[in-house]
1. Working only within the range 656-676, note down all residues that are in a loop (DSSP other than H, G, I, E, B) and in contact with a Pro (Cβ under 8 Å, 6 or more places away or on another chain).
2. Going through the range 383-397 one residue at a time, which ones are open to solvent by 20 Å² or more (accessible area, probe 1.4 Å) and either among the basic types (K, R) or within 23 Å of the chain's Cα centre (by Cα) (or both)?
3. Collect the residues in the range 417-460 that are closer than 25 Å to L566 by Cα and touching a Cys at 6+ places or on another chain (Cβ under 8 Å), keeping them in residue-number order.
4. Being under 23 Å from H622 (Cβ atoms) and either more than 30 Å from the chain's Cα centre (by Cα) or among the aromatic types (F, W, Y) (or both), is that true of even one residue in the range 548-557?
5. What are the residues in the range 470-493 that are open to solvent by less than 10 Å² (accessible area, probe 1.4 Å) and in a helix (DSSP H, G or I), if any?
6. Write out, first by first residue and then by second, each pair whose Cβ atoms fall under 6 Å of each other, whose residues are 6+ apart or on separate chains, and whose first residue, in the range 454-469, is in a helix (DSSP H, G or I) while the second is among the charged types (D, E, K, R) and buried (at least 22 other Cβ atoms within 10 Å of the Cβ).
7. Check off (1) small (G, A, S); (2) in a loop (DSSP other than H, G, I, E, B); (3) within 23 Å of the chain's Cα centre (by Cα) for S328 and give me the number that stays unchecked.
8. What pairs can you find where one residue is in the range 17-39 and outside any loop (DSSP other than H, G, I, E, B), the other is modelled with pLDDT under 90, and their Cβ atoms are less than 7 Å apart, with a gap of 6+ or different chains?
Amino acid sequence: MNGWRCLAGGLFLAIASTAAPAAADGWAEAIAEAKHWPAGPAMSRESAMQTAGLERSLLSPDGRTVAWLRRDQDQSSLWWRPLESGEPVRLLPRVDDASLRWSRDGRWLFVLTPTQLMVFDRQAAGTGEILARWQDRHSRALLDTDAGKPDAVLLREQSPDGATPWRSSVWRWRANGDAAMLHESDAPILDVLLTPHGSLAWLRQAEAARHVVYQADDQGRLHERFDCTNLHRCRLLAGDGTAGLWLQGDLGADLQQLQRYSPGHGVAAVAMDPRSEADLDEVVFDRRTGEPALLAWRSTRPHWLARDPGVQQALARLERALPNSDLSLQLGPSATAPWWVEQRTASAAGVRTWRFDPSSGRLESVDLVPDANAPSQPPRRPISWTASDGRQLHGFLTLPAGRDASKAPLVVLVHGGPWSAARPGHSPFVAFLASRGVAVFEPNFRGSTGLGRELMLSPGGDFGNGRVQRDIDEGTRAALSQGVGDPQRVAIVGASFGGYSALLGVTFSPQLYRLALAAVPPADFGWTLRWAVRSSDLSLQAGVPLATTFALLGLDPEDPGVTDRLARQSPQENAERLTRPVLLFAGGRDERVAFRSVSHYAATLALLGKDVSLFVEPDAGHGMDAPLAREAWLYLVEAALHRHLDSDVPAPPSPALEAYLKRSLRLRGSALPGPP
């Protein structure tokens, strides 16, 4: 469940000890860096909400043209540009939720939106044509190009959510508008790979609790080769009908890695994180050989590895030229052709784009959008600490520039999911807090993803006031013990599962947290599990059934032992224990965390005379996408932190925001300016 743009993650998948930590890493370096970083002006709420910039870019197979989606506030547009000469050309002034694929010959750009499939002809000055329009509720996705047809792409079509019987199909669409179904199934199709001649080679689909991988013979008959069960992960990357199969997965392993399936030999590991720390995040293939060329990991510190020594030398040169960056790479059509590089940094928003010559090391800036990033604040830094039971955990720390970290108010920002993670890179919300003199600690607790299957499964369902919350509390104490934050000025903040954790924190550890700010939080996690399986939007999605997934994660919603334990440990059941102020923000049309879960909790607190503030956006869902709702959350957070933690004074609300706050206010507590 991915929630708010300004907070990490959401609820569910698309997974109070006083002991001091035994060891910590990265804290001192972050403190020293921030202390000497020049302080800048506070970030405005408008800047923190800014969504303008590059969404994604895609290099054509011949390396001559780049296409990209550009975001301007709440609207996206489609562009392309010849790289050797020429100016950017806007192909579509407005395109929403689009995915892009170049045809294999590089002439055609396919664009898929929820309602239509379009194609643009590079040889005809960007002439566009609509190949298909849809008004049904089917979901569609561009899978890949078609090796057998240079002017075609593969499109997967799924039945509407909740439809019975289930139907899933793969189609070949050509630039001239011809469409042909290649395969149809009564199970959700996840991955498809074709032979060089354009026939089905490999297929992965969800069957009950398994992801099953099939190989197709010359007559198109499917033969099961292996499966991924018990939340093992396997994604098909490349392969044809006779040779082996490249996978990104963790079959027989903890960390996701590059794996190879060979007929008669099974699955074998090929490459994993050299630091033995993170799941494989991205694989870039050589266009000429079809072999994996570059591998990326991003769970703590972004880094790349090349499988060829010569390519590794070029990669090392690029990383020296663009240090402390998260790079996205696309190779050119030959060994000497320029690479396409997207550069992101943790210290500022935006994406810079470059052409990189792997032979000479020359970098050429090719900025596709205005106002590409420039360093503005101390970056989010990866840190680690050791929990009371000896497990090492990771997270991120962001400190205000030029201030004494030990005297700053501290915000513990808990990610959603809970099967998600705080990731490296720039966070506008974190930057917004840091610019107001606040230190921000983001813990990746047990259950977080991207750091191995064992860590994801390790909570064993203990998501109440148990091991997961102890990880968060102990991480907070680790931060304080390292000289980060004033112990008397600590708040816990989050959305979705992060909001649930914030409520747990102030309920069971009021000596640690002075204030909780919770957006769209489940007040009873056990009740929410049962509701999610039966009524949430996630209950309708393709794949392994949600109830099965929860059970494998130790959270069987049909097991009274699980749901009763979570209920006993919930903020709702323990409302009488609350002694700290809480601020709640909810959406009236939330399909992931039932609104009545939040409103019932708020009403319980009010009847008990507790210090609660409640704001409701009646027409919002789990994401709170409306600009005024997002600005309201930012203002409420900074106002509450100023009032209770003495952070910097917030800018006053505009008349429009003030009217919105008045309209959405349901309960007023001490978290808000003015008398309660």
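1. First, the residues of the range 656-676 that are in a loop (DSSP other than H, G, I, E, B): 668-676.
Within the range 656-676, R668, G669, S670, A671 meet the criteria.
2. Correct list: R391, Q392, H394.
3. None; the set is empty.
4. For the range 548-557, residues under 23 Å from H622 (Cβ atoms) and either more than 30 Å from the chain's Cα centre (by Cα) or among the aromatic types (F, W, Y) (or both): present.
5. Taking the range 470-493 and keeping what is open to solvent by less than 10 Å² (accessible area, probe 1.4 Å), we get 471-476, 478-479, 484-485, 490-493.
Within the range 470-493, D471, I472, D473, E474, G475, T476, A478, A479 qualify.
6. Once the first residue is in a helix (DSSP H, G or I) and sits in the range 454-469, its partners that are among the charged types (D, E, K, R) and buried (at least 22 other Cβ atoms within 10 Å of the Cβ) give V468/R446.
7. Status for S328: all satisfied but (2).
8. If the second residue must be modelled with pLDDT under 90, the pairs left are E33/P378; A34/P378.
The values are calculated or read from the model by the stated rules, or taken from the named source; none is laboratory data. Here the structure is a predicted model, which means the values were calculated and not measured. Neighbour counts are summed over all protein chains in view; Cβ atoms, including those assigned to glycine, are modelled from backbone coordinates with ideal geometry. The accessibility values were calculated without ligands, DNA or RNA, using every heavy atom of the protein model including side chains. Shrake-Rupley method; radii C 1.70, N 1.55, O 1.52, S 1.80 Å.
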